[in-house]
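**Q** Please read through the structure below; I'll follow up with questions.
Readers should treat all values here as calculations from the given coordinates under stated rules, not as data from a laboratory. Note that the coordinates shown come from a computational prediction; the quantities given were computed from them, not determined experimentally. Neighbour counts are summed over all protein chains in view; Cβ atoms, including those assigned to glycine, are modelled from backbone coordinates with ideal geometry.
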Amino acid sequence: MRRSASFFQVLLVFTTMAGTRWPNVSGTYCKDMSSSVYRPHSVTITEFGAVGDGVTLNTKAFQNAIFYLNSFADKGGAQLFVPAGRWLTGSFSLISHLTLSLDKDAVIIGSPDSSHWPVIDPLPSYGRGRELPGNRHRSLIFGSNLTDVIITGANGTIDGQGAVWWGWFHNHTLNYTRPHLVELMYSTNVVISNLTFKNSPFWNIHPVYCSQVLVQHLTILAPLNSPNTDGIDPDSSTNVCIDHCYVRTGDDSIVIKSGWDEYGISYAHPSSNISITNITGENQGGAGIAFGSEMSGGISEVRAEGLRIANSLHGIRIKTAPGRGGYVKNVYIADVSMDNVSMAIRITGNYGEHPDDKYDRNALPMISNITIKDVVGINIGVAGILEGIQGDNFSNICLTNVSLTVQSPHPWNCSLIQGYSNYVVPESCEQLRSNCEQTPVCYDGSSYSEMRTQAPTHKHNFSLLLNPLLKLATL
Ligand SMILES: *[C@@H]1O[C@H](CO)[C@@H](O)[C@H](O)[C@H]1NC(C)=O
Ligand SMILES: *[C@@H]1O[C@H](CO)[C@@H](O)[C@H](O)[C@H]1NC(C)=O
Ligand SMILES: *[C@@H]1O[C@H](CO)[C@@H](O)[C@H](O)[C@H]1NC(C)=O
Ligand SMILES: *[C@@H]1O[C@H](CO)[C@@H](O)[C@H](O)[C@H]1NC(C)=O
Ligand SMILES: *[C@@H]1O[C@H](CO)[C@@H](O)[C@H](O)[C@H]1NC(C)=O
Ligand SMILES: *[C@@H]1O[C@H](CO)[C@@H](O)[C@H](O)[C@H]1NC(C)=O
Ligand SMILES: *[C@@H]1O[C@H](CO)[C@@H](O)[C@H](O)[C@H]1NC(C)=O
Ligand SMILES: *[C@@H]1O[C@H](CO)[C@@H](O)[C@H](O)[C@H]1NC(C)=O
Ligand SMILES: *[C@@H]1O[C@H](CO)[C@@H](O)[C@H](O)[C@H]1NC(C)=O
Ligand SMILES: *[C@@H]1O[C@H](CO)[C@@H](O)[C@H](O)[C@H]1NC(C)=O
Ligand SMILES: *[C@@H]1O[C@H](CO)[C@@H](O)[C@H](O)[C@H]1NC(C)=O
Ligand SMILES: *[C@@H]1O[C@H](CO)[C@@H](O)[C@H](O)[C@H]1NC(C)=O
């Protein structure tokens with residue numbers, strides 16, 4: 001009797017998990033990622049003295065709960081549940097094999113006291129804080145050297161209360177670079193899903209030196225005039241899937257990075273194998289999808305499909321400068337719609353912004369194999385401003401089936417670039433006038449498709465098998 005009940009329970013666990021796996025994510029490594037890892041142990045933050053009144057500081061409760069859950073890491077991992085309420089906290093750190101799960105009416109609120117956000121070393125690939133020399137504030141939710149981490153909820157909220165940080169930024173009273181809402185460093189098998197992020201002090205989601213990262217079903221909001229509130233910033237990371245997100249902030253919605261000038265060049269951690277699908281973005285000072293300006297470790301094999309960009313400064317943007325070194329190559333962007341966008345496509349070779357004056361002026365970036373196709377835009381200011389670098393032409397820039405309703409009488413302005421175009425309205429600039437269907441040089445994302453069919457099975461499959469057995473063992 002007991003045995004059959006247990007057997008039924010195993011079946012039930014399998015069925016439940018199968019039902020919550022997400023379909024329709026491009027890239028085999030994306031499909032193999034899942035937020036449905038079963039955790040045999042779960043605690044609620046109130047068991048550790050947390051009070052959800054929006055006033056009590058709960059940093060210690062989060063830290064104590066996570067410290068306690070460490071003892072379950074080798075037993076299939078554990079879940080920390082945050083129920084309905086307003087949970088004020090300073091920065092806290094996650095551990096491996098942890099699910100942080102929010103109720104739909106849970107709001108984790110970042111403390112407006114900067115001393116609740118500890119100061120940590122700069123990233124090795126940046127050499128200093130991004131905004132100010134020296135150290136930087138640690139993110140609200142932080143993790144380093146982790147594996148198997150899930151941050152999720154039924155659309156619960158993480159609110160950074162960034163207004164106070166934007167004020168310090170504007171009146172130049174910050175002592176250190178502003179913190180992100182979530183930063184994970186040197187981590188693998190990370191899922192961030194089904195949440196709303198609001199009012200980040202700085203960037204929202206920053207995976208850096210990570211691999212196997214799934215970011216899905218997020219709403220990311222910040223006032224359109226808030227400074228540098230990027231949405232999702234994969235940085236020196238590989239095998240990253242970003243799907244099904246709505247991002248409305250002051251700066252870039254999705255932006256891929258890989259370190260800054262001489263620090264990024266010597267750290268040499270590229271971003272590659274990045275899949276981006278079904279993103280809706282609005283911004284005031286950024287782009288729907290951007291690359292750089294920190295790209296010194298290199299960015300390649302990026303495929304973005306299904307982008308809706310509205311009411312924004314830029315649609316698609318590459319930012320770089322002499323001194324960056326590195327590369328942006330093998331990028332395929334397709335199925336894009338834009339409405340009310342000032343500059344639909346922009347490539348900037350003179351972005352500037354150097355960490356210090358020790359950068360190598362001869363370190364020129366290589367920008368090549370950039371394909372942009374199937375784009376429709378209305379209410380567009382300028383179609384494209386595409387500028388390379390003297391002595392460093394950007395090459396194989398290919399535009400196919402791009403149809404834009406443009407206000408400017410000079411829709412394209414190109415310099416120091418070479419490439420191809422086909423079915424582009426209004427007619428593209430002279431530098432792109434060759435026809436790409438007759439030239440085999442346009443990058444078509446096919447090396448990526450090949451990768452997709454060859455992707456190895458992800459190890460979460462193993463945990464799916466393992467965890468129910470552990471559950472059985474605990475009965
Ligand atoms: C985290 O991983 C990095 C890269 O592998 C390593 O350099 C660092 O020492 C690790 N940190 C800790 C605390 O283990
Ligand atoms: C999640 O919450 C945000 C903010 O309240 C809302 O705009 C969004 O539509 C919600 N998403 C889902 C999937 O319910
Ligand atoms: C700077 O901004 C902060 C945050 O908005 C505010 O508390 C502070 O009074 C301002 N300081 C000055 C000198 O304006
Ligand atoms: C900067 O440091 C000073 C001196 O320690 C401190 O009073 C101030 O609150 C700090 N400002 C911020 C924004 O953290
Ligand atoms: C996340 O949200 C999506 C869409 O609302 C839903 O299909 C999925 O089951 C949710 N996943 C979890 C783990 O709640
Ligand atoms: C794309 O994502 C939005 C939310 O950002 C969702 O409402 C919509 O159903 C998604 N479309 C597809 C085809 O998955
Ligand atoms: C574009 O701007 C017009 C005029 O301001 C507005 O009516 C329209 O809704 C905007 N489009 C989108 C997609 O927001
Ligand atoms: C051109 O792009 C539009 C918008 O993505 C798409 O609907 C259309 O099918 C494309 N045309 C061709 C011939 O691929
Ligand atoms: C094109 O851009 C250059 C600067 O890169 C500028 O000097 C020139 O006036 C622009 N041409 C048009 C027609 O806008
Ligand atoms: C660089 O590109 C321009 C067109 O933008 C072209 O005239 C020039 O010859 C190219 N230089 C090299 C070295 O290929
Ligand atoms: C550009 O793509 C083509 C295939 O389309 C490939 O042969 C070539 O090596 C790529 N160039 C670079 C710089 O990776
Ligand atoms: C990119 O994906 C391909 C196919 O899955 C894989 O062979 C390659 O190792 C991946 N690159 C990185 C840096 O993980």
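**Q** With unit charges on the beta carbon (Lys/Arg positive, Asp/Glu negative), name the residue among A222, I265, V240 whose Cα is farthest towards the positive pole of the charge dipole of segment 214-268.
**A** Checking the options against the dipole of segment 214-268, the answer is A222.
**Q** Before anything else, pin down the relative contact order of the chain: Cα pairs under 8 Å, at least 6 apart, normalised by residue count, whole percent. Can you show the working numbers first?
**A** Details: 1419 pairs, mean separation 48.9, N = 475.
For the chain, the relative contact order is 10 percent.
**Q** Using the crude model of +1 on Lys and Arg Cβ and -1 on Asp and Glu Cβ, and no other charge, please compute the dipole size for the chain relative to its Cα centre, in debye to 20. Mind showing how you got there, number by number?
**A** On the way: 31 positive and 38 negative charges, 251 e Å.
Roughly 1200 debye, rounded to the nearest 20.
**Q** Moving on. Compute, for segment 227-323, the length of the dipole vector about the Cα centre, with Cβ point charges of +1 (Lys, Arg) and -1 (Asp, Glu) only. Units Debye, rounded to 20.
**A** On the way: 6 positive and 12 negative charges, 52 e Å.
Charge dipole of segment 227-323: 240 debye, to the nearest 20.
**Q** Quick check: from the Cα gyration tensor, does segment 173-218 come out rounded (a/c under 1.5), prolate or oblate?
**A** In terms of gyration-tensor shape, oblate.
**Q** Then there is this: Total Lys pairs in segment 7-473 closer than 18 Å by alpha-carbon, pairs eight or more apart in sequence or interchain only?
**A** Values: K31/K459; K75/K459; K75/K471; K104/K198; K257/K319; K257/K329; K319/K329; K329/K373.
The number of close lysine pairs in segment 7-473 is 8.
**Q** Quick one: which of 51-59, 394-402, 312-320, 116-124 comes out on top by average Cβ neighbours within 10 Å, and what's the full order, highest first?
**A** Numbers: 51-59: 15.7, 394-402: 22.0, 312-320: 25.7, 116-124: 17.8.
The packing order, highest mean first, is 312-320, 394-402, 116-124, 51-59.
**Q** Still on this structure, I have one more. If you take every residue apart from G264 with its C-beta less than 11 Å away from the C-beta of G264, what net charge results, scoring Lys and Arg +1 and Asp and Glu -1?
**A** -2
**Q** Still on this structure, I have one more. Taking the Cα atoms only, what angle lies between the long axis of helix 460-473 and the longest principal axis of the chain, rounded to 10 degrees?
**A** 10
**Q** Mean residue ellipticity at 222 nm from the helices of the chain, using -39,500 (n - 2.57) per DSSP H segment of n ≥ 4 over the full residue count, to the nearest 500 deg cm²/dmol?
**A** Calculated mean residue ellipticity at 222 nm is -4500 deg cm²/dmol.
**Q** Among 281-291, 231-241, what's the highest-first ranking by average C-beta atoms within 10 angstrom per residue? Could you put the intermediate results ahead of the total?
**A** Numbers: 281-291: 24.5, 231-241: 26.7.
With the highest mean Cβ count within 10 Å placed first, the list reads 231-241, 281-291.
**Q** Quick check: net charge around V255, other residues with Cβ under 10 Å of its Cβ, Lys/Arg +1 and Asp/Glu -1?
**A** That works out to -3.
**Q** Using 7 Å Cα-to-Cβ label points, what is the N350/H410 separation (nm, one decimal)?
**A** Rounded to a tenth, the inter-label distance reads 1.4 nm.
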